[in-house]
Amino acid sequence: MTKLDMACRGCGERSVELFLDLGDQPHCNRLIPPALADQREPYYPLQVGFCTNCTLVQISYTVPKESMFSDYPYVSGTTKTLVQHFKDTAERLIATYGLKADDLVVDIGSNDGTWLSKYQPSGLRVLGIDPAANVVELALKNGVPTWARFFNETVADEIIAKEGAPKLVTAAGVFFHLEELHSVVRGVEKLIGDDGVFVVQAIYLGGMLDNLAFDQVYHEHLVYYTLKSIEALFALHGLEVFDARLVPIHGGSLEVHVARKGRRTVQQSVLAMREEEERKGYGAFETYQRFAENVWKLRDDLIGILDDYKARGKTVHAYGAPAKGATLLNSFGITTDRVQAAEEKNKMKVGYAMPGSRLPIIADEGGTRPDAYLVLAWNFFDEFVAKEGAYLEGGGEFIVPVPKLRIVNRSSLQAAE
Ligand SMILES: [Zn+2]
């Protein structure tokens with residue numbers, strides 16, 4: 001075993017063992033503008049370790065948060081699946097906690113306000129907190145009150161002073177970004193007080209293990225939670241997980257409901273998930289060693305497929321240019337000689353190149369279609385297939401690396417029917 005030179009981001013012990021070294025990589029969301037095309041961007045280590053004390057999985061190196069989030073190209077309103085997910089979740093939480101008009105909901109890492117906007121039709125007051133100035137502007141334009149700040153204890157005090165105590169505090173897809181994790185949790189503890197509830201959604205490490213979704217690892221994601229490791233983190237701050245479930249977003253996310261310890265009855269869902277995690281070995285280092293072996297086998301198999309397309313003179317484009325795509329391309333050493341471009345519907349990204357691999361990002365509308373697409377945003381693959389019937393009918397193919405490497409084309413779809 002190789003111990004990483006770091007204190008665990010959860011428990012603080014120096015007991016983090018390396019299991020997956022993805023090498024030095026550039027920041028996955030720092031797209032390269034044409035003017036900087038001939039300069040090499042900064043590279044940082046991307047090493048993943050497991051804490052043998054509290055089981056928290058984490059990366060070793062922290063890219064300074066100011067360089068990552070001040071101008072964030074990811075806008076949550078852009079995918080239909082995500083918008084529907086936020087609407088369903090908001091309605092479920094309103095019903096579960098009996099939220100009424102004028103109750104306050106605070107969302108940490110609120111992005112363009114998509115989630116919060118789903119509470120507004122019920123008359124709830126909402127407040128978003130997000131550090132990225134460009135998406136805060138979008139949120140304000142959408143009528144969602146938002147502060148352009150990093151959330152911490154001080155911000156929690158200001159919220160209580162200006163807006164009162166929230167009934168519900170949420171965080172989705174952000175709770176693994178936070179460099180000042182403990183300050184954030186202390187701030188949340190203050191905000192929810194004795195009666196409020198904190199609901200977190202974060203990519204589920206169990207799902208990553210089951211799906212071999214190593215491409216969820218990138219510099220923004222400092223930590224990767226199981227129920228066990230997130231419970232350990234909250235326990236350090238007098239908080240307790242009393243409800244837990246898995247939700248089918250981002251390829252499998254963990255949702256936990258948290259309150260001050262002893263305020264709510266811990267539900268059967270928590271006990272059941274603890275047992276399931278124990279059974280699957282998520283608390284054992286060997287599970288992570290096996291995961292890493294499978295990642296390198298996937299690399300060899302995928303490179304084999306791409307080289308075969310190249311040998312047959314076929315063009316391959318990436319379908320989408322998500323952050324997780326950068327991890328996959330850069331971990332496996334895939335560049336423009338194997339995949340010629342990335343097609344993207346988010347216009348904010350078009351004209352740039354992907355970091356590291358330097359795949360040029362082109363608009364996904366019109367133009368000549370490639371012989372095949374490498375699917376980087378595999379968690380939205382069903383959505384893509386539904387709208388690409390004509391492309392597949394015309395002989396187009398999808399190479400899907402995760403959760404299981406496969407080629408999807410007209411004949412494979414017919415065989416599946
Ligand atoms: Zn630890």
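The values are calculated or read from the model by the stated rules, or taken from the named source; none is laboratory data. Predicted, not measured: the structure shown is a model, and the values here were computed from it. Neighbour counts run over all protein chains shown; Cβ positions are idealised from the backbone, glycine included. Just the protein is used for accessible areas: all its heavy atoms, side chains included, with ligands, DNA and RNA removed. Shrake-Rupley method; radii C 1.70, N 1.55, O 1.52, S 1.80 Å.
Numbers below:
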{"quantity": "Size of charge dipole - the range 162-313 - debye, nearest 20, with Cβ of Lys, Arg +1 and Asp, Glu -1, no other charges", "calculated": "360"}
{"quantity": "Sum of side-chain charges, residue 216 neighbourhood, beta-carbon under 14 Å (Lys, Arg +1; Asp, Glu -1)", "calculated": "-2"}
{"quantity": "Rounded to 5, the percent of DSSP beta bridges in the chain classed as antiparallel", "calculated": "55"}
{"quantity": "Per residue accessible area of the range 328-384, 1.4 Å probe, in Å²", "calculated": "38"}
{"quantity": "5 angstrom amide H check on residue 281, placed H, neighbours 5+ away", "calculated": "none"}
{"quantity": "Net charge over other residues, Cβ less than 15 angstrom from the Cβ of residue 377 (K, R count +1; D, E count -1)", "calculated": "-2"}
{"quantity": "Folded to 0 to 90 degrees: helix 268-280 orientation relative to the chain principal axis, Cα", "calculated": "40"}
{"quantity": "Percent antiparallel among DSSP beta bridges (both partners in the range 327-417, rounded to 5)", "calculated": "40"}
{"quantity": "Between the range 131-147 and the range 187-236, the alpha-carbon center distance in angstrom", "calculated": "24"}
{"quantity": "Of 141/387; 3/297; 167/261; 297/387; 324/345; 141/349, those spanning more than 27 Å from alpha-carbon to alpha-carbon", "calculated": "141/387; 297/387"}
{"quantity": "Given charges at beta-carbon only (K, R positive; D, E negative), |dipole| of the chain in Debye", "calculated": "260"}
{"quantity": "Per the chain, cysteines lacking a partner by the 4.7 Å Cβ criterion", "calculated": "28"}
{"quantity": "Paired Rg and Dmax values of the range 291-417, which use every Cα atom, in angstrom", "calculated": "13.9, 40"}
{"quantity": "Relative counts (whole %) of C-alpha pair distances in the chain, using bins that are 10 Å wide", "calculated": "4, 21, 31, 26, 14, 3, 0"}
{"quantity": "Degrees between helix 181-192 axis and first principal axis of the chain (Cα, 0 to 90, nearest 10)", "calculated": "50"}
{"quantity": "Neighbourhood net charge (12 Å Cβ-Cβ; Lys/Arg +1, Asp/Glu -1) for residue 24", "calculated": "-1"}
{"quantity": "The range 189-300: radius of gyration and largest Cα-Cα distance (Dmax), Å", "calculated": "15.2, 53"}
{"quantity": "Tilt relative to the chain, helix 80-96 - C-alpha long axis, 0 to 90 degrees, to 10", "calculated": "20"}
{"quantity": "CD proxy at 222 nm, helix term only [per DSSP H run n ≥ 4: -39500 (n - 2.57); per residue of the chain; nearest 500]", "calculated": "-10000 deg cm²/dmol"}
